[in-house]
1. Can you pull out the buried accessible area for chains A and B, both sides counted, probe 1.4 Å, rounded to the nearest 100 Å²?
2. How large is the charge dipole for the protein assembly as shown, taken about the Cα centre, if only the Cβ atoms of Lys, Arg (+1) and Asp, Glu (-1) carry charge, to the nearest 20 debye?
3. For helix A:175-190, what angle does its Cα long axis make with the longest principal axis of chain A, in degrees from 0 to 90 and rounded to 10?
4. Between rounded, prolate and oblate, where does segment B:1-77 land on the alpha carbon gyration tensor, with a ≥ b ≥ c its root eigenvalues, rounded for a/c under 1.5, else prolate if a/b exceeds b/c?
5. With angles folded into 0 to 90 degrees, how steeply does helix B:7-36 sit against the dominant principal axis of chain B? Use alpha carbons for both and round to 10.
6. From largest accessible area down, sort A:D219, A:D33; use a 1.4 Å probe on the protein chains.
7. Of the accessible area of the protein assembly as shown, with the probe set at 1.4 angstrom, what percent is carbon plus sulfur?
8. Can you pull the one-decimal nm distance between simple spin-label points at A:A191 and A:S151, each 7 Å off the Cα toward Cβ?
Amino acid sequence: MQQDDVVEPRVPVKDELKKRTVKGPDGFEFEVDPIHDYYCDARPEVRPGSYLKIVEDLFNWARSESLWILGFGTGCGAIEMRPLMTPRFDAYRYGIQWRPTPRQANLFVISGYLSVKTLKRVIRSYEQMQNPKYVVGLGSCTVNGGMYWDSYNTIKKLDEYLPVDVYVTGCMPRPEALLAGFEELKRIIRAGKGEGANLYAKNFDWYKANQKRVIHDWDMPDYNW
Amino acid sequence: MTFEWIKIPQSLLTLFIVLNYGLLLTALVQKIAARAGRRHGIPIWQNYVDLLKNYGLRTNITHGVMYYLGPVFRLSGGVGLLLFVPTIYGSEMFSNLSFAGDLILALYFIFFGTLGMALGAGESGHPHAAIGVSRGLSQVTAAELPLALAVFSVALQYHTLSVTDIVAAQQGGVAHWTLVTNPLAVVAGMFSFLGSMMRSPFDVVLAPQEIPIGPPTEYHSSYLALMQTNRAIFPVAKMVIYMNLFFGGASSWAEFCLKIFLIYMVSALVGVVFPRFRVEQSIRWFLTWAVPVGVAAILLV
Ligand code: SF4
């Protein structure tokens, strides 16, 4: 979809997201509008770090030494994370752990190609993570589409949809490459440059426009808190 | 009765020591479990870093008042449990706020945090949290039964509900420990201990691979950090009770550290050997194996 005349996304609202009247157990009737009631529609804000540089440096060190990866595998690359958890490579040694919920994770590894359908879930998960958060793009598919460059339903440049901190190239990158990528990410965080969440907040409209250009069934609020 | 104000800084000191010991101990046990799986495991200071990072996150969101209070209840459960039980026997300084009937209060505090957590996780509105809580409550309740029986058996044996008196009665060598004088109660208590340490085979409630990590699904930032603090304090506080009731208490910090470590290793060893139970399996296990032992302990005392 590379047209300039952007079609207003059609919103085929799902049944469970439609406005409806619900009857409570006590016979009291009330109206539920899921999209507005269940989600917070505040825009993300740029959050500056702490006033004192020394405190912020300390926090940055802690963030770099405690990377919690969201356990969400999008493409082939997810398979390369298993050796990292197991004795062969054992990433736990480097302060890298896996978390099953986006609320607690602060690193999102986009492990390979992203179909448009998955992108939608990725955006929702990414937005539920707390500031500061980091994104690592794994594999050529996240850089320029890789071998899926002419596919009809995968995105090509991940950078246009989410702020990426580090790319790990290769098809498939080996676990060592991934570890090297994590070490690079740690350097970036310690240098105070891992500000992807603030970048996302600052250029929120641009990211949203890009996301909506490919996701046609946009039936969620603009910001998924 | 006069209240001595010096007890407050003394209790805080206990809390500080136990917090640091707990943080290091959980990391150490995790490392040992990792070695059993031929990994190196996390660095020993990892818990401190995680804690710092979680306190240092810039955003947090709330789902309501109970959501706030969940971690607070949890932490007060752990801290309360620790403070109402004498940590070091015979030390005026580390006997904390213990009093004559503290055993019943301790039983109550063990459960208190779980209940608070249930309310908090319920309000987070996440289905995984709700399912996790109902699983957790049913399992903890089943695991609590043998402990309650064991505690009553010990209380009957020593004719007192004061932890200090129970420890006093066990002084004078291993032969005086409850472990020797009332082994059935100890067995029942240790069965329950396995169930409450959230390690395999009874860790289905919090396991990341099951209903994603259960009750704390929605907790993050400082909320999570509070809960992590509690995860360092609470197991140690619980083991202090076990140590006092069954293993003769501790008369110095060195003895304390050693005994707590060994008690923890019981659950760690069982954990690396046995695979995970489902909730209904573990409840059945508690009811068929642990509870009868507890009943026998009461009958035979
Ligand atoms: S880069 Fe290669 S291995 Fe990775 S997702 Fe794309 S096709 Fe799969």
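1. Values: alone 12750 and 13810 Å², together 23870 Å².
About 2700 Å² of accessible surface is lost on pairing.
2. In total the dipole reaches around 1120 debye.
3. It works out to around 80 degrees.
4. In terms of gyration-tensor shape, oblate.
5. Taking Cα atoms only, the helix is inclined about 70 degrees.
6. A:D33, A:D219
7. Of all accessible area on the protein assembly as shown, carbon and sulfur atoms account for 64 percent.
8. Simple spin-label model gives 3.2 nm for this pair.
The values are calculated or read from the model by the stated rules, or taken from the named source; none is laboratory data. Computed from a predicted structure; not experimentally measured. With ideal geometry, Cβ positions are generated from the backbone for all residues, glycine too; neighbour counts draw on all protein chains shown. Keep in mind that these areas ignore ligands, DNA and RNA; they rest on the heavy atoms of the full protein, side chains included. Shrake-Rupley method; radii C 1.70, N 1.55, O 1.52, S 1.80 Å.
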